[in-house]
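Got a structure here, written out as structure tokens. Questions coming.
The values are calculated or read from the model by the stated rules, or taken from the named source; none is laboratory data. Keep in mind that what you see is a predicted model, and the values were worked out from it rather than measured. Cβ placement follows ideal geometry from the backbone for every residue including glycine, while neighbour counts extend to all protein chains displayed. SASA here: full protein model, heavy atoms, side chains in, ligands and nucleic acids out. Shrake-Rupley method; radii C 1.70, N 1.55, O 1.52, S 1.80 Å.
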Amino acid sequence: MVKKKRYPVIFTTVQGAVLVEVPDLEILTEGSDYDDAVRMARDAIGLKGISLEDAGMEVPEASDLQGIDPARGAFAEDGEGVVSLVDIDFTEYRNKKFSNF
């Protein structure tokens, strides 16, 4: 089970927010700015990944960065998207988020 992964993410800036899509995991979220958008993406990826693991399912592999076309993204009609990688360590994320339970 690979615990560290990097997923391509499409970031689309609109007035007052940065829309976020993680195509490999079918995640849509947003942030107030790029820093917040990266945090939101990482949090959503972490939650989805550990939810899949806890359900006994495999966490999908990340697509190749060059294979992601922002013009085909969920928010393509809202503005021009850019693609970047967001990394996650699922073990670290689980320990950080759920160590108090």
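On the given criteria, is Gly73 at positive phi and either crowded, with 16+ Cβ neighbours inside 10 Å or more than 16 Å from the chain's Cα centre (by Cα) (or both)?
no
Show me the strands (runs of 3 or more DSSP E) entirely contained within the range 4-63 in which 3 or more residues are buried (at least 19 other Cβ atoms within 10 Å of the Cβ) and in contact with a Phe, Trp or Tyr (Cβ under 9 Å, 6 or more places away or on another chain).
The qualifying strands (runs of 3 or more DSSP E) are 4-14, 17-22.
As an exercise: evaluate Leu52 against (1) on the phi > 0 side of the Ramachandran plot; (2) without any contact (Cβ under 8 Å) to a residue 12 or more places away in the chain; (3) not charged (D, E, K, R) and give the number of the one condition it does not meet.
(1)
Pairs under 9 Å by beta carbon, first residue over 22 Å from Gly16 (Cα atoms) in the range 55-84, partner open to solvent by 50 Å² or more (accessible area, probe 1.4 Å) and in a loop (DSSP other than H, G, I, E, B), six or more apart or different chains?
Glu58/Met1; Val59/Met1; Val59/Val2; Glu61/Val2
Go through the range 64-79 and give me each residue that's more than 20 Å from Lys4 (Cα to Cα), aliphatic (A, V, I, L, M) and assigned to a helix (DSSP H, G or I).
Ala71, Ala76
In the range 82-101, which residues are surrounded by 11 or more Cβ atoms within 10 Å (Cβ to Cβ), small (Gly, Ala, Ser) and more than 16 Å from Phe11 (Cβ to Cβ)?
Correct list: empty.
Out of the range 43-76, which residues are of a type in the set (A, V, I, L, M) and touching a strand residue (DSSP E or B) at 6+ places or on another chain (Cβ under 8 Å)?
Residues satisfying the conditions are Ala44, Ile45, Val59, Ala62, Leu65, Ile68, Ala71, Ala74, Ala76.
Pairs please, first residue from the range 20-46 and under 14 Å from Pro70 (Cα atoms), second anywhere and of a type in the set (S, T, N, Q), Cβ atoms under 7 Å, 6+ apart in sequence or on different chains.
Val20/Thr29; Pro23/Ser63; Asp24/Ser63
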